[in-house]
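Input: a single structure, listed below in structure tokens.
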Amino acid sequence: MTVVTFNDNARVGGNTAKRRGGTVAAIGGGTVGLGAIVVLLIQAFTGADLSGLVGGGAPASPQTGGEQIASCETGQDANRDDACRLAAASLNIDQFWAERLDGYREPQLIIVDRATSSSCGTASNSTGPFYCPPDEAVFVDPTFFSILRDQFDTTAGPLAQLYVLAHEYGHHVQNLTGVMQQYPNNGTGPDSNGVRTELQADCYAGAWVAAAGEQVDENGTPYLQPPTAQQITDALSAAAAVGDDHIQAESGGVVNPESFTHGSSEQRTRWFDVGYDTGVNACDTFSVPGQNL
Ligand SMILES: [Zn+2]
């Protein structure tokens, strides 16, 4: 696995990511056992609402605040530590979108430490990364990637981790542009609004990966060295690993396209490629006829 690399001397201390967390019980959620972890993984990747099974509903008052990510000043720190890598990448992704979207405002990036609560429910490594529209916040527990590696046979290397992060920032862009409101959840299926929303977020992530080496710090130093072909293959394998059909098959289930909420592995890698090859303006997944989606 080749490591996507921040330039050692890039300045990343200006990131606004927060580490937030505690035990699930401490934040008023139910207890999350192994069986529940598997259920939540299927939920995370198939979108089926199983929250009743694990008591992950939205708490009365979501946790707030959090600590700055410690010892996260340079690209060297980001190359060494998963939480710092995500925090440093947020600077890069925010700059990417600020250059492409009028009125872009940054979401809050929350690095989850064990578990934390949000207006969208509990965030932990068993829920997987998600974007919570009412909080305008992206929640990521870095330990989730080892679960992805173990459970879904993908390398989940650093660029794959940043692809997942850029996907969640894609949802933030959809919230800012009104796409989320314009195409509300209309059930499941290979050409449902939910799948179109997810594939657009994959396309946005592909567009960011293609330009990842272009964003610079306050000294003009590029944050990242341009990803190599091997690293991009790694990110694509992560996109394929989280296709609904792959997850349903891996979980011993029958592949049922009518239950899709994120898209098949083929759809997810293809829209990643559309964004990678052509940029954000090619990511209109809502006007594409279903058979071409
Ligand atoms: Zn998504």
Could you please let me know if Val242 is under 23 Å from Leu293 (Cβ atoms), surrounded by 22 or more Cβ atoms within 10 Å (Cβ to Cβ), touching a residue at least 60 places away in the same chain (Cβ under 8 Å) and within 13 Å of the ligand (Cβ to nearest atom)?
yes
Given (1) open to solvent by less than 10 Å² (accessible area, probe 1.4 Å); (2) at pLDDT 95 or above; (3) away from the ligand (no atom under 12 Å from the Cβ), where does Val195 come up short, assuming only one miss?
(3)
Residue in region 216-234 that is closer than 19 Å to Leu101 by Cα, surrounded by fewer than 24 Cβ atoms within 10 Å (Cβ to Cβ) and of a type in the set (Val, Ile, Thr) present:
yes
Number of the exception - Asp113 against (1) in contact (Cβ under 8 Å) with a residue 40 or more places away in the chain; (2) within 16 Å of the ligand (Cβ to nearest atom); (3) among the acidic types (Asp, Glu)
(2)
Out of the residues in region 85-143 meeting the condition of being part of a loop (DSSP other than H, G, I, E, B), open to solvent by less than 10 Å² (accessible area, probe 1.4 Å) and among the small types (Gly, Ala, Ser), tell me which one is modelled with the highest pLDDT.
Gly128
Failed item in (1) crowded, with 22+ Cβ neighbours inside 10 Å; (2) closer than 20 Å to Ser264 by Cα, with Gly187 passing the rest:
(1)
For the subset of region 246-285 comprising residues that are exposed (fewer than 14 other Cβ atoms within 10 Å of the Cβ) and touching a residue at least 60 places away in the same chain (Cβ under 8 Å), which member is nearest to the ligand (Cβ to nearest atom)?
Asp284
Test Asp202 against the criterion of being of a type in the set (Asp, Glu), crowded, with 18+ Cβ neighbours inside 10 Å and either over 30 Å from Ser259 (Cβ atoms) or more than 16 Å from the ligand (Cβ to nearest atom) (or both), and give yes or no.
no
Would you mind stating whether Tyr163 is within 20 Å of Ala87 (Cβ to Cβ), buried (at least 22 other Cβ atoms within 10 Å of the Cβ), modelled with pLDDT of 95 or more and in contact with a helix residue (DSSP H, G or I) (Cβ under 8 Å, 6 or more places away or on another chain)?
no
Which of the residues belonging to region 166-179 are more than 9 Å from the ligand (Cβ to nearest atom) and open to solvent by 10 Å² or more (accessible area, probe 1.4 Å)?
Asn175, Leu176, Thr177, Gly178, Val179
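The values are calculated or read from the model by the stated rules, or taken from the named source; none is laboratory data. All of these numbers come straight from a predicted model, not from anything done at the bench. Using ideal geometry, Cβ is built from the backbone for each residue, glycine included, and neighbour counts are taken over all protein chains shown. Accessible surface is based on the protein model in full, side chains and every heavy atom, while ligands, DNA and RNA are left aside. Shrake-Rupley method; radii C 1.70, N 1.55, O 1.52, S 1.80 Å.
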